[in-house]
Amino acid sequence: GETPEEHAFQARIDAGEKIEPKEWMPEGYRKTLIRQISQHAHSEIVGQLPEGNWITRAPTLERKAILLAKVQDEAGHGLYLYSAAETLGISRDEMTEQLLSGKAKYSSIFNYPTLTWADMGAIGWLVDGAAIMNQVPLQRTSYGPYSRAMIRICKEESFHQRQGFHIMMKMARGTDAQREMAQDALNRFWYPSLMMFGPSDKDSVHSQQSMAWKIKINTNDELRQRFVNETVPQAEFLGLTVPDPDLAWNEEKQGYDFTEPDWSEFYEVLKGNGPCNRERLGARQKAWDDGAWFRDGLTAYAEKAAARRAA
Ligand code: FAQ
């Protein structure tokens, strides 16, 4: 049965009120938010790695400056989201330890390699495009700090998506070799992008409760369908082919029928067996280890300062 507190809480959610950090909330609500927000934060931080790989090899100074700015934005999004999660009573250090131990996930998409410059286009266009599709509704999520973080982050993601599409446009209208590179990037990133929305609704363990709490606003399949509907015409505009022979407009549902991603591949990536899982976590572990002396220094300084104040 529902306690009076839980009942009053659900009534506030149903009325569209925002929940703020110091207010009462069910333990499950707090835990679910910590899980989702921290995984989102980890995705932003790990998400810097595939693109960071290309900063030194960007084709022009202008492209390099833009890519550098985008990757810096991702660091900012990560820090913003860690702060939102901290308001729920977990520390940055705990979240980092959960990431490194494999207890906390990050988006499956960042376990795929970035092989060519066209991949920078495909990531901006498809990966940021999918991120926006998911995050625009989350601006209305029930937890105040998360909702406000999403508003800010979505503005920057829109710029990221545009810059990716612009790279794709240049490549798709360039030499034959460049067009082939753009097509190859689309071929490799299409299904991993569809996986970003999570398992199909029948296999999504958290959707029902998260939607009742308005931690999630849409189901995974709803957002995936919206993404396909919006992206296919963009691929056509680019003159590129979506790597799905069964893709077809369905007049009745006013959307595309499309092939589901290979869910066994998705679960393998989640288990740590994707092409780059070890490399990505290895890079985060190294950054954590290399920064230990600095964290120790900060703690020692803070303790000394506190002792001086007490004296
Ligand atoms: N990857 O029951 P559900 C970005 C896990 S955008 C890995 O459906 P839920 C920007 C899920 O956690 C990317 N794991 O789960 C950028 C759960 O496992 P758990 C980040 C996944 O939470 C762009 C299990 O499967 N965005 O970084 C994935 O209700 C370019 C069962 O699934 C967000 O995180 C996946 N794709 O729905 C940066 C958005 N899908 O936790 C750089 C906020 C599912 O029990 C470059 N998050 N799982 O161990 C969400 O909206 C939701 O958490 C979903 C999953 C929709 C991702």
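Just so it is clear, none of the values below were taken in a lab; they were calculated from the coordinates. This one's a predicted model, so the numbers in the text were calculated from it and none came from an experiment. Here the Cβ positions follow ideal geometry from the backbone for every residue, glycine too, while neighbour counts run over all protein chains shown.
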Given 5 Å bins starting at zero, what is the percent of C-alpha pairs of segment 81-203 in each, up to the one with the largest pair distance?
2, 11, 15, 17, 18, 16, 10, 6, 3, 1, 0
So if we plug the beta-carbon distance of Trp249 and Glu180 into 1/(1 + (r/R0)^6) with R0 = 30 Å, what FRET efficiency do we get, rounded to 0.05?
0.70
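Per-residue ellipticity at 222 nm for the chain, helices alone: DSSP H runs ≥ 4 residues times -39500 (n - 2.57), over residue total, nearest 500 deg cm²/dmol?
-21000 deg cm²/dmol
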Over 12 Å apart: what share of the alpha carbon pairs of segment 204-244 falls there, rounded to a whole percent?
65
Which three extents, in whole angstrom, do the alpha-carbon atoms of segment 11-61 cover along their principal axes, largest first?
54, 20, 17
Potential lengthening between Ala283 and Lys22 on full extension [0.36 nm per residue; Cα-Cα distance subtracted]:
90.4 nm
Given the chain, report the % of alpha carbon pairs whose separation exceeds 24 Å.
57
Taking the inverse of the average 1/r across all pairs of different Cα atoms in segment 148-305, what Kirkwood radius in Å do you get?
19.3
Between Arg309 and Glu268, what is the spin-label point distance in nm, taking each point 7 Å from the Cα along the Cα→C-beta axis?
5.4
In segment 1-126, if every C-alpha pair distance is counted and binned at 10 Å from zero, what percent goes to each bin?
12, 34, 25, 19, 8, 2, 0
Extension gain Thr56-Asp201, at 0.36 nm per residue separation less the Cα-Cα distance, in nm?
48.2 nm
Projected onto the charge dipole of segment 96-253 (+1 at Lys/Arg Cβ, -1 at Asp/Glu Cβ, origin at the Cα centre), which of Tyr146, Met169, Trp117 gives the Cα projection farthest towards the positive end?
Tyr146
